[in-house]
Amino acid sequence: MTVLSDKKTDSSYSSNSANALIHLYRAEVGRMTSYRQRLDMTTNWAVVTSAGIASFAFSNEVTHAVFLFAMFMNYFFLHLESRRFRQYEIAHHRVRIMERFFYPAMLGDPVDGSWHHVLLGELAKPMSPMRRIDAMGWRLRRNYLWLYAGILIVWITKVDTLRLKGEVYAFGEYLELYHVGNIHGWLIVLLVVLFYIVLINMAVYASKYYPLESD
């Protein structure tokens, strides 16, 4: 990682250099917009899939295991969206470099003259400011924890409809309502609880690092 010095200098650019940087800025903003749309598209897939599975499960006599399938599908969408989010952040970081140094210099403000090396380093070896697990955590914070909370609620509601009306179940008997095939209900519940704990941990501890910014 290139470290900027504290020295501020006046920067001048030839028309060719300025035009090249302007075109690069426009290209990176376009890339950000494209990946922003892809992120929204993936989230829409997850929402539609979750809503469709919930509607199907409550309108038909089907096993509650379809909600486990919904959890898996949302994890797939989350994994796909985290990859797109990392690509989005690469373009976002380049845009912020130029907004912080190039345009102030064009407008007459003294800037750190070594910022070109930072931009060249980003172009030569693109690196996302976050790991895949952190990207998943950020998308969980933004959207997917709400989806997973909704799936959990409708899953519990679906299983609760299997109880005989007015009959009181012991805790162990109630857990057995969550069985899938020959797999005991307590094991299914335990796996789901552990899965949700992992998701919450990813969301809580997600971080991202920008070499030029404090946030």
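Nonpolar atom fraction for the chain, defined as the carbon and sulfur part of the 1.4 Å probe accessible area, stands at 62 percent. Positive end of the dipole of the chain, charges at C-beta (+1 Lys, Arg; -1 Asp, Glu), about the Cα centre: which of Ala170, Ser50, Gly113 has its Cα farthest in that direction? In the chain, that residue is Gly113. Under 5 Å between amide hydrogens, built in the peptide plane, is the criterion, and for Asp112 it picks out Thr9 among residues at least 5 positions away or on other chains. Packing, as the average of other Cβ atoms within 10 Å across residues, places the peptides 65-76, 84-95, 48-59 in the order 84-95, 65-76, 48-59, highest first.
What the chain shows is 59 Å² of accessible area per residue, with the surface traced by a 1.4 Å probe over protein heavy atoms. Between Thr161 and Leu194, the C-beta separation translates, for a Förster distance of 22 Å, into a calculated FRET efficiency of about 0.30. Per the Kirkwood formula applied to alpha carbons, the chain shows a radius of gyration over Rh ratio, Rg over Rh, of 1.19. When only the Cβ of Lys, Arg, Asp and Glu is charged (+1, +1, -1, -1), the dipole of the chain relative to its Cα centre reaches about 420 debye.
The values are calculated or read from the model by the stated rules, or taken from the named source; none is laboratory data. Source: prediction; values computed, not measured. For neighbour counting, all protein chains shown are included, and Cβ atoms are generated from backbone atoms with ideal geometry for every residue, glycine included. With ligands, DNA and RNA removed, areas are computed over all heavy atoms of the protein, side chains included. Shrake-Rupley method; radii C 1.70, N 1.55, O 1.52, S 1.80 Å.
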